[in-house]
Amino acid sequence: MYDLRRFNILPNSCCAKVIETMAPVSTINNYYKGQRCLVSGSPIFDEKGNLAKTIAVIRDVSELDVLMKNITKEKNQFIKNSEIKNISNKEPFVVINNEKMKNIYTKAKKIANVESTVLILGETGVGKDFIATYIHGISNRSSGKFVKINCSAVPEHLLESEFFGYEEGAFTGAQKGGKKGLFEEANGGVLYLDEIGDMPYTLQVKLLSALNDRMFYRIGGTASVEFNARIIAATNVDLKHLVEEKKFRADLYYRLNVVNFVIPPLRHRKEDIIPLAHQFIEYYNNKYGKNCYFTTNCLEHFLVYDWPGNIRELKNMIERLVLMTDDAFIDTNLFTENLMFNEGVESLSGNNHFMQEAKSLKERIDDYEKEIIETTLASSKNMKEAALRLGIDLSTLVRKKQKYDLTK
């Protein structure tokens, strides 16, 4: 028994504690096969009052954990439940409680079966890839391939061959018979250009030509190759600003920006945080064979935190919490400990300090106004059109741009 404790096989030995305290003891033990048990031990004394033996009763409390999980879910009814919709058999599950996100998905359904190019804008981790795959999944191209290329991840000298392919003997090292490019691979489906803002300026000319002519030439080739793929592009940078700096072609920007989606960051769609958190914890519970749940206080802290990494950060955090917890419940302490470890945040002394980080009502209203103006400006041709859409004077819009430092 003591050997088991010394070698950390059974660090919380109930019988050892009974012998040490000479009194009844109850412990929660996590056994090596993943079982979680309540162990109740009692000492048995002989006629002279000496400890003769110990008796331990072991109860599997996995069902109790399930009960506690359900009780906590009931307690959390003050938070709006997940609104997961399955509109058709081929439509993916989506979590949409936020009105702006509902409008985005409604718009995505409207344009799913047309050929127009799509430009998706938003911070890193907001779910641009998911919107792109969603459009592909509900479109009449869903049986075709969804081909993704990260324009920032492929070396500049290889991008052209990746896009358009090459003929045999086009350059030293070219494989025999040549190679198809991604434009050919995506025929009948969707070609998703992620991080389009990082595409080299020289390649932008050839991309624009291919989009306009619906044909291209392989490297080293003389015969034109037709392609029939829908183009969806995405970026987390301000393309308008890059156009002004002559780092992105204006004609390509307008060619891509036929239909655009501006995905709001997670901090501006708080009502989606809890449904997403529940979706992710169920996924990781199934993946790792666990039965974890969030305490109410932990969920409240989820709503206060700004999630600079957006949905990607939330998903990774929940996976980490599921893996690191020693209990069925995930509480505030575990969340803040992992947050500090990853984000380099200074020590937080309890819930009150964490709650003080929340912004005032005026600050939140200003943030919301800034987001509306920024979104409207991004989707308008000029300031006059943006002011008209916002229902304010042009001078008011100029003043608010200066207030929120939206000069780019």
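Values in this text are rule-based calculations from the coordinates and carry no lab data. Please read these numbers as outputs of a predicted model, since none were measured by experiment. Cβ sites come from the backbone with ideal geometry, for glycine too, and all protein chains shown count toward neighbours.
Put simply, the C-alpha atoms of segment 361-403 give a gyration tensor, and the ellipsoid matching it has half-axes of 18, 11, 8 Å, longest first. Rounded to whole numbers, the Karplus 3J(HN,Hα) couplings from phi for segment 107-122 are 5, 4, 5, 5, 9, 4, 9, 9, 9, 4, 6, 10, 10, 10, 10, x Hz, using 6.51 cos²θ - 1.76 cosθ + 1.60 with θ = phi - 60°, and x at Gly and Pro.
Filter the cross-link list Lys145/Lys287; Lys148/Lys400; Lys246/Lys362; Lys109/Lys179; Lys128/Lys176; Lys246/Lys270 down to pairs whose alpha-carbon distance in this structure exceeds 30 Å. The partial results should precede the final answer.
Working: Lys145/Lys287 27 Å; Lys148/Lys400 38 Å; Lys246/Lys362 38 Å; Lys109/Lys179 35 Å; Lys128/Lys176 37 Å; Lys246/Lys270 37 Å.
Going by Cα-Cα distance, Lys148/Lys400; Lys246/Lys362; Lys109/Lys179; Lys128/Lys176; Lys246/Lys270 fall outside the 30 Å limit.
A Förster radius of 35 Å combined with the Cβ-Cβ distance from Asn382 to Glu337 puts the calculated FRET efficiency at roughly 0.10.
Less than 5 angstrom separates the built amide H of Tyr293 from those of Phe329, Ile330, all sequence-distant by 5 or more or on a different chain. Each label point was placed 7 Å from the Cα along the Cα-to-Cβ direction; for Thr202 and Gln402 their separation is 4.4 nm. Backbone phi angles across segment 322-328, fed through the Karplus curve with coefficients 6.51, -1.76 and 1.60 (θ = phi - 60°), yield HN-Hα couplings of 4, 6, 8, 5, 9, 10, 6 Hz in residue order; Gly and Pro are listed as x.
Model label sites at Ala52 and Asp238, defined 7 Å from Cα along the beta-carbon direction, differ in position by 8.3 nm.
The length gained on full extension between Glu99 and Thr375, counted as 0.36 nm times the residue separation minus their Cα-Cα distance, comes to 97.9 nm.
Stretching Val258 away from Asp393 to a fully extended chain increases their span by 45.9 nm, per 0.36 nm per residue minus the current alpha-carbon distance.
Working note: Cα atoms of segment 240-331, range along each principal axis, descending, whole Å: 56, 26, 21. Here the gap between Thr106 and Lys176, fully extended at 0.36 nm per residue and compared with their Cα-Cα distance, gives a gain of 20.5 nm.
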